[in-house]
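A short write-up of the structure that comes next.
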Amino acid sequence: MASTVGDLSFFSQKVVEWYNSNKRDLPWRGTKDPYAIWVSEIILQQTRVAQGYDYFVRFMRRFPDLASLASASEDEVLAHWQGLGYYSRARNLHKAAVSMQGVFPATYEGVRALAGVGDYTAAAICSLAYDMPYAVVDGNVFRVLSRYFGIDVPIDTVAGKRYFAALAQRLIDVRRPALYNQAIMDFGALQCTPHAPACASCTLADGCMAKNGGTVDALPMKSHKTVKTTRYFSYLLAWIGSCICLHKRTENDIWKNLYEFPLIETCQEIDMAGVISSAVSNGMLVPEETPTVRLLQRGVKHVLSHQVIYANFYELALPGNSRSFGAFLQVEHGVLSGYAMPRLLTAFLDRAGGLKGSPLEQCP
Ligand code: SF4
């Protein structure tokens, strides 16, 4: 059961005091520009600050305002997002920029209605840009509140989310919502961390229910563990003459609208002979054409939030007049970097030292 929630203003005051002595110098702090705050919040939705920092700087350099983002192509926005993952964030950012028609909304409802903006992001934008008293509730806030107040209501239930949202709203300092929201987020990120929180030096330690009750590691509570599915990918780096084949993922699946090499997905790992026969049976390879094939890398593990992918990479060479892979884009290898690809593939290309433009004998 949850503990009785005691002196709320004491908690808020302590967190803000802590923040004033410990806040991080970040490029999206100190601005009231809702566009910049929106971009930073979307980048930080599933990305750590250390990784998001450089992406934010680069993104703002190329798309400094709403107009520049709205007039760019989705492919270019995705290319600037490459490596950050969770690409629906970039697609929604672009979609929302187009939908705003040059004017960033100035109400909570208007901000909340933007593509890709949920309760947390709307509260962050409205409090940080407009000083509206909307409390943010994210993983950091769940953790700090559940520990300090000793709340064991599971955070992954509807009732739990409601409970914490109501508590967070009672805690927000309405005279300075931007300061308070940033303070509690930084407190969770730097002091009350998921693993090994710095309880010994914590300004809230005396009143912290979890510390005093020995439940720090058990909180916040979750009712379910995330179940991950396993997928097996065989990528074909298929050369037609001097061009490499690419495909744009358009299905409602991971990596929508990113580019990849021809892919064969199976429910278990298959060998090279299996890959070739699958490529023939699904129409990628014309049966009478026999490519030269070699295995480049095997068993590359790529972990996403709900999936684990095991990928094998093969290289195939066919002559320039081949009829195979007719449904794929064929691009010169030198322009591959202009196509946004998932991290699994860019990491592969990095390891391979690029493709060097020549099939088989020049690749590792
Ligand atoms: S004492 Fe430890 S668990 Fe409690 S709020 Fe501080 S860092 Fe978090």
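Readers should treat all values here as calculations from the given coordinates under stated rules, not as data from a laboratory. The structure presented is a predicted model; accordingly, all values stated were derived computationally and were not measured. A quick note on method: Cβ atoms are made from the backbone with ideal geometry, for glycine too, and the neighbour counts reach across all protein chains shown.
Quick notes
- Scan segment 179-192 for residues that are away from the ligand (no atom under 12 Å from the Cβ) and of a type in the set (Val, Ile, Thr) and the total you get is 0.
- Tallying residues that are farther than 16 Å from Arg249 by Cα and of a type in the set (S, T, N, Q) within segment 64-89 yields 3.
- Test: residue in segment 265-276 that is assigned to a loop (DSSP other than H, G, I, E, B), surrounded by 21 or more Cβ atoms within 10 Å (Cβ to Cβ) and not charged (D, E, K, R): no
- Unmet requirement for Thr215, which otherwise passes all of (1) within 16 Å of the ligand (Cβ to nearest atom); (2) more than 30 Å from Ala200 (Cβ to Cβ): (2)
- When we screen Asp138, Asp131, Asp156, Asp75 for residues that are crowded, with 19+ Cβ neighbours inside 10 Å and of a type in the set (Asp, Glu), the only hit is Asp138.
- Selection from segment 90-120 of residues that are under 22 Å from Ile254 (Cα atoms) and part of a helix (DSSP H, G or I): Ala90, Arg91, Asn92, Leu93, His94, Lys95, Ala96
- Residue match in segment 223-238 (condition: more than 8 Å from the ligand (Cβ to nearest atom) and farther than 30 Å from Val300 by Cβ): yes
- Residues of segment 306-329 satisfying the condition of being in a strand (DSSP E or B) and in contact with a His (Cβ under 6 Å, 6 or more places away or on another chain): Ile309
- Only one entry in Phe142, Phe149 is hydrophobic (A, V, I, L, M, F, W, C), within 16 Å of the ligand (Cβ to nearest atom) and within 28 Å of Tyr87 (Cα to Cα), namely Phe142.
- Segment 193-208 residues that are near the ligand (Cβ under 8 Å from one of its atoms), paired with ones that are small (Gly, Ala, Ser) (beta carbon under 7 Å, 6 or more apart): Cys199/Ala205
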